[in-house]
């Protein structure tokens with residue numbers, strides 16, 4: 001008998017959870033980039049050609065057995081046990097299995113078809129807001145980002161966008177501007193590409209004669225984006241000396257051009273992005289971090305939303321799509337994508353050029369052109385998922401203690417940090433735990449220690 005806390009036994013998330021299978025079937029010509037979403041019944045789900053509504057059904061795939069496999073689902077742990085009953089085999093993350101634990105988001109191949117599981121709140125399936133501006137995909141993470149962007153865009157809040165290279169940070173910034181109702185332009189700059197000696201002039205402008213070569217006045221990026229949005233990409237690359245001046249410009253809404261003596265008013269909405277951890281005070285000012293991060297959005301990498309890989313590739317191949325060979329589809333769904341959409345775009349270029357005129361595209365078309373570090377034919381499947389480490393979105397969160405065993409208040413997030421996490425995840429403890437890289441038991445202990453149990457319940461009841 002296992003002992004569980006009262007909060008865990010009564011967690012309404014388990015009852016409100018929807019199990020969704022995202023299905024790619026390559027046997028239906030012309031729509032491999034448009035996966036189906038099937039709502040499944042738990043705790044036991046059939047997989048096969050004879051499966052019925054509520055199961056993972058592949059009625060038209062001749063390589064799938066009538067009773068191919070069975071899923072035994074544990075919604076509380078967001079995992080499933082997958083048991084193979086077929087002659088042709090069942091593959092998880094590229095490895096053939098007889099019986100295996102299946103983690104959320106892990107690709108499964110049966111016959112010429114693929115699927116993965118997602119556990120979502122019942123209310124998660126709504127219409128996407130407008131202005132997605134190229135943020136292609138239907139994964140829960142991307143749908144939540146689109147809703148968040150629609151929520152924050154009309155406000156005056158500064159926005160900090162976190163994420164690896166190629167995750168779409170500039171697309172998200174453009175979506176903020178498009179939904180802001182600001183009449184001015186969207187101006188983007190890569191802070192890492194600005195020479196340090198010219199950084200102040202490029203940001204704030206200069207007057208004629210301010211330095212050698214300054215033959216005329218220059219508006220600078222701030223005044224060029226007056227009335228609109230200034231997107232500072234890779235803001236972590238700004239030198240510390242310039243960060244102090246940027247902080248003053250953001251707080252006072254005024255800039256002083258190089259060589260000038262008077263400040264000029266400038267109405268700019270600031271959106272910044274980085275793939276760095278900005279919490280190191282020797283590299284980035286804490287007061288500036290607080291000022292530019294009224295609202296923080298974290299862009300997930302492709303390897304955490306594999307159901308979006310084929311739709312994104314399909315969008316890149318618009319007008320020139322061939323049919324995917326199952327081996328190519330398997331490689332695409334399992335790739336690690338260290339540079340995210342940039343890797344996928346390179347693959348799209350190879351398919352367009354080398355696959356021109358072909359009706360079926362095979363793995364041979366991209367061998368030797370992937371950005372994977374391993375040579376063709378030796379690439380291993382992507383590693384199986386583990387618990388995510390704590391994201392860098394909240395500088396107030398402490399580091400996790402070993403095995404989450406902090407029984408006192410030392411190492412517990414501040415009440416304000418926990419309140420923000422609860423509001424961001426609508427009181428769902430499982431999502432807070434996943435976002436912070438802690439266990440649900442640890443999050444429940446934090447809530448008890450900070451007296452936030454009632455707030456959690458009120459958010460769940462909304």
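Observations on the structure shown:
- Counted residues, the range 341-360 - those being in a loop (DSSP other than H, G, I, E, B) and farther than 13 Å from residue 317 by Cα: 3
- Residue that is surrounded by the most Cβ atoms within 10 Å (Cβ to Cβ) [pool: residues in the range 250-269 that are in contact with a helix residue (DSSP H, G or I) (Cβ under 6 Å, 6 or more places away or on another chain) and closer than 24 Å to residue 176 by Cβ]: 255
- Members of the range 361-371 that are touching a helix residue (DSSP H, G or I) at 6+ places or on another chain (Cβ under 8 Å) and assigned to a loop (DSSP other than H, G, I, E, B): 362, 366, 369, 370, 371
- Being over 28 Å from the mean Cα position of the chain (by Cα), at pLDDT 70 or above and outside any strand (DSSP E or B) holds for only one residue in 28, 65, and it is 65.
- Among the residues making up the range 159-173, those that are touching a strand residue (DSSP E or B) at 6+ places or on another chain (Cβ under 8 Å) and either outside any loop (DSSP other than H, G, I, E, B) or surrounded by fewer than 19 Cβ atoms within 10 Å (Cβ to Cβ) (or both) are 159, 160, 161, 162, 169, 170, 172, 173.
- Tally of residues being at pLDDT 90 or above and part of a loop (DSSP other than H, G, I, E, B) across the range 138-155: 4
- Residue in the range 225-239 that is surrounded by the most Cβ atoms within 10 Å (Cβ to Cβ), counting only those that are in a helix (DSSP H, G or I) and touching a helix residue (DSSP H, G or I) at 6+ places or on another chain (Cβ under 7 Å): 235
- Among the residues of the range 240-280, those that are assigned to a strand (DSSP E or B) and either under 14 Å from residue 202 (Cα atoms) or touching a residue at least 40 places away in the same chain (Cβ under 8 Å) (or both) comprise 255, 258, 264, 269, 270, 271, 272, 273, 274.
- Single residue of the range 72-89 satisfying the filter (in a strand (DSSP E or B) and either more than 27 Å from the chain's Cα centre (by Cα) or surrounded by fewer than 17 Cβ atoms within 10 Å (Cβ to Cβ) (or both)) that is modelled with the lowest pLDDT: 74
- Residues satisfying the stated conditions in the range 90-113, i.e. more than 17 Å from residue 24 (Cα to Cα) and surrounded by 16 or more Cβ atoms within 10 Å (Cβ to Cβ): 97, 100, 102, 103
- Of the residues making up the range 212-222, at least one is closer than 30 Å to residue 146 by Cβ and either touching a helix residue (DSSP H, G or I) at 6+ places or on another chain (Cβ under 6 Å) or at pLDDT below 95 (or both).
Residues checked against (1) assigned by TED's automatic domain parsing to the domain that holds residue 231; (2) in contact with a helix residue (DSSP H, G or I) (Cβ under 7 Å, 6 or more places away or on another chain); (3) closer than 18 Å to residue 222 by Cβ; (4) modelled with pLDDT under 90:
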| residue | (1), (2), (3), (4) |
| --- | --- |
| 161 | yes, yes, no, no |
| 164 | yes, no, no, no |
| 174 | yes, no, no, no |
| 177 | yes, no, yes, no |
| 194 | yes, yes, yes, yes |
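- Among the residues of the range 90-104, those that are touching a strand residue (DSSP E or B) at 6+ places or on another chain (Cβ under 8 Å) and either assigned to a strand (DSSP E or B) or not assigned by TED's automatic domain parsing to the domain that holds residue 23 (or both) comprise 90, 91, 92, 96, 97, 99, 100, 101, 102, 103.
- Qualifying residue in the range 54-62 (condition: in a strand (DSSP E or B), under 27 Å from the mean Cα position of the chain (by Cα) and without any contact (Cβ under 8 Å) to a residue 40 or more places away in the chain): no
- Test: residue in the range 324-340 that is modelled with pLDDT of 90 or more, surrounded by fewer than 17 Cβ atoms within 10 Å (Cβ to Cβ) and either within 26 Å of the chain's Cα centre (by Cα) or not in a loop (DSSP other than H, G, I, E, B) (or both): yes
- Some residue of the range 281-288 being surrounded by fewer than 19 Cβ atoms within 10 Å (Cβ to Cβ), assigned by TED's automatic domain parsing to the domain that holds residue 189 and either in contact with a strand residue (DSSP E or B) (Cβ under 9 Å, 6 or more places away or on another chain) or assigned to a helix (DSSP H, G or I) (or both): yes
- Residue within the range 198-205 that is at pLDDT below 80 and in a loop (DSSP other than H, G, I, E, B) present: yes
The values are calculated or read from the model by the stated rules, or taken from the named source; none is laboratory data. What you see is a predicted model; the values in this text were computed from it and never measured. Quick reminder, even Gly has a Cβ in these numbers, built from the backbone with ideal geometry, and neighbours come from all protein chains shown.
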